[in-house]
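Below is one structure; the comments refer to it alone.
The values are calculated or read from the model by the stated rules, or taken from the named source; none is laboratory data. Not measured: the values here are computed from a predicted model. Cβ: placed from backbone, ideal geometry, glycine included. Neighbour counts: every protein chain shown.
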Amino acid sequence: MRVLVTGGAGFIGSHYVRTAIAETGEKITVLDGLTYAGNLANLEPVSGAYDFVHGDICDTELLAHVVPGHDLVINFAAESHVDRSIEGAAAFTRTNVLGTQALMQACLDARVPKVVQVSTDEVYGSIESGSWDESAPLAPRSPYAAAKAGGDMIARAYAVTYGLPVSITRCGNNYGPYQYPEKVIPLFITNLLEGRKVPLYGDGGNVRDWVHVDDHCRGIRLVAEAGRPGEIYHIAGTAELTNVELTGRLLDALGVGWDMVERVTDRKGHDRRYSLDDAKLRALGFQARTPFDEGLAATVRWYADNADWWRPLKAAHS
Ligand code: NAD
């Protein structure tokens, strides 16, 4: 099977590519614009085992050339960092909405038999208690989440209007190796490894449901195999934690105390809590299998062992 992975040089897309090459017979094409978050070093363990196209998912001419011949297209390409979307929303709207539309059209034109649009729990906004199922209304609160919601709506419209066989996945916060060190877990680990303090937003009471990147990618693969066109599938994690609880686990793992934490002004419009009900995907046989404590310990070890990967990224953006 030939699979086109857009955004395959980013954190989650590269995990999909590395595991697909190691564990399946899938032949992979990566299409990636190599923004600050895209990094071919993420694919170094499988270098030579995939085809690479350096390009933009908004480039319709390029897509018309690249997309045909693939049996599955998975769209990971996105601007993905909420804080950056607050600083400047335009790139998020361009890639996450217009890029998704361009890709869906190219998949329709090429009659791709299966498409997966990778999305996020953030499209629902914030929930005080309980969990969202797939029928919950969209109420995004950051430019990132709004742009992802727009992309999801376009994908769904292509399924309903044109019969494009696209399914949408929505997942909680991911963690694992090769995550760009601006997101909270790799930022905190790498700061602590460098002996620097970590910035904790507001009262630290914001709650996130943590999903190991490997569980996310297994969920996406299951949706590619068994998901129904036009349907949405949640991928939930194994640990619902406040940011204070998460920070405590990271301080313990690195053997340092709360004196390494610096309280900083809260993110604008900071969503309080996300929580997904993933019964629909579990009915297809899915189960998240990475216990959070094990996944976090392995992640801390990975960053400790791979400073050559993250030090240049931090240096370039500090
Ligand atoms: P990432 O920022 O690490 O990677 C994004 C990749 O997309 C990069 O390689 C970048 O170069 C590429 N890209 C960006 N704009 C592009 C464009 N116009 N054309 C081609 N390539 C482009 O993001 P990630 O954390 O790996 O997230 C991947 C997907 O999963 C995103 O769609 C994101 O919304 C979704 N998601 C992420 C999380 C999370 O916790 N990280 C959770 C749920 C869903």
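Please find, within region 153-169, the residue that is surrounded by the fewest Cβ atoms within 10 Å (Cβ to Cβ) out of those that are within 21 Å of the chain's Cα centre (by Cα) and farther than 16 Å from A226 by Cβ.
Selected residue: M153.
Could you list, in sequence order, all residues of region 22-48 that are closer than 22 Å to G176 by Cα and more than 19 Å from the chain's Cα centre (by Cα)?
Scanning region 22-48 gives A22, E23, T24, E44, P45, V46, S47.
Under 7 Å by Cβ, and 6 or more places apart or on different chains, what pairs join a residue from region 149-173 that is closer than 30 Å to N206 by Cα and modelled with pLDDT of 95 or more with one that is more than 11 Å from the ligand (Cβ to nearest atom) and among the basic types (K, R)?
Going by the 7 Å Cβ cut-off, the qualifying pairs are S167/R228; I168/R156.
What number of residues within region 244-283 satisfy the criterion of being more than 19 Å from the chain's Cα centre (by Cα) and either among the acidic types (D, E) or closer than 23 Å to P143 by Cα (or both)?
Residues that pass the stated criteria total 11.
Name, by its number, the condition in (1) surrounded by fewer than 12 Cβ atoms within 10 Å (Cβ to Cβ); (2) on the phi > 0 side of the Ramachandran plot that does not hold for E262.
(2)
Taking the condition of being of a type in the set (K, R) and on the phi > 0 side of the Ramachandran plot, how many residues in region 162-207 meet it?
Selection size over region 162-207: 0.
Show the residue pairs that are 6+ apart or on different chains and have beta-carbon atoms under 7 Å apart, the first residue being within region 136-148 and closer than 18 Å to T100 by Cα, the second being among the aromatic types (F, W, Y).
L138/Y124; P143/F92; Y144/F92; A147/F92
Let's see how each residue does on (1) touching a Pro at 6+ places or on another chain (Cβ under 8 Å); (2) among the hydroxyl-bearing types (S, T, Y); (3) on the phi > 0 side of the Ramachandran plot:
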| position | (1), (2), (3) |
| --- | --- |
| G248 | no, no, no |
| G255 | no, no, yes |
| D266 | no, no, no |
| G269 | no, no, yes |
| L276 | no, no, no |
| L296 | no, no, no |
| A307 | no, no, no |
| L313 | yes, no, no |
| H317 | no, no, no |
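Does region 286-297 hold any residues that are touching a residue at least 12 places away in the same chain (Cβ under 8 Å) and assigned to a helix (DSSP H, G or I), and which are they?
Of everything in region 286-297, those that are touching a residue at least 12 places away in the same chain (Cβ under 8 Å) and assigned to a helix (DSSP H, G or I) turn out to be F292, D293, G295, L296, A297.
Please determine, by comparing only the residues of region 28-43 that are among the β-branched types (V, I, T) and in contact with a helix residue (DSSP H, G or I) (Cβ under 8 Å, 6 or more places away or on another chain), which one is nearest to M1 (Cα to Cα).
Step by step, filter region 28-43, then rank; the result is I28.
I'd like to verify a number: residues in region 276-285 that are outside any helix (DSSP H, G or I) and surrounded by 22 or more Cβ atoms within 10 Å (Cβ to Cβ), how many?
Going through region 276-285 one residue at a time, the tally reaches 2.
So, of the residues in region 150-202 that are hydrophobic (A, V, I, L, M, F, W, C) and part of a strand (DSSP E or B), which turns out to be nearest to W310 (Cα to Cα)?
Applying the filter and picking the extreme gives V198.
Can you say whether Q105 is within 18 Å of the chain's Cα centre (by Cα) and not aliphatic (A, V, I, L, M), as far as the supplied structure shows?
Here the answer is no, as Q105 does not meet what is asked.
Is one or more of the residues making up region 131-144 at pLDDT 95 or above and within 11 Å of the ligand (Cβ to nearest atom)?
yes
Considering L34, L63, L103, L43, which residue is at positive phi and either within 12 Å of the ligand (Cβ to nearest atom) or touching a His at 6+ places or on another chain (Cβ under 8 Å) (or both)?
Answer to the check: L34.
List the strands (runs of 3 or more DSSP E) that sit entirely inside region 24-136 and contain at least 2 residues that are within 30 Å of A315 (Cβ to Cβ).
Because the criterion is at least 2 residues that are within 30 Å of A315 (Cβ to Cβ), the strands (runs of 3 or more DSSP E) in region 24-136 that meet it are 27-32, 51-54, 115-120.
Going by the conditions given, is D71 among the acidic types (D, E), outside the structural domain of R311 (by TED's automatic domain parsing) and surrounded by fewer than 17 Cβ atoms within 10 Å (Cβ to Cβ)?
Against the criterion (among the acidic types (D, E), outside the structural domain of R311 (by TED's automatic domain parsing) and surrounded by fewer than 17 Cβ atoms within 10 Å (Cβ to Cβ)), D71 qualifies.
Which one of these does V73 not meet: (1) in contact (Cβ under 8 Å) with a residue 40 or more places away in the chain; (2) among the hydrophobic types (A, V, I, L, M, F, W, C); (3) over 18 Å from C217 (Cα atoms)?
The single condition V73 does not satisfy is (3).
Restricting to region 270-292, count the residues that are within 17 Å of N243 (Cβ to Cβ) and among the acidic types (D, E).
Here the count works out to 1.
Limited to region 85-121, what total is found for residues that are touching a residue at least 60 places away in the same chain (Cβ under 8 Å), more than 21 Å from I232 (Cβ to Cβ) and either crowded, with 17+ Cβ neighbours inside 10 Å or of a type in the set (D, E) (or both)?
Residues meeting the conditions: 1.
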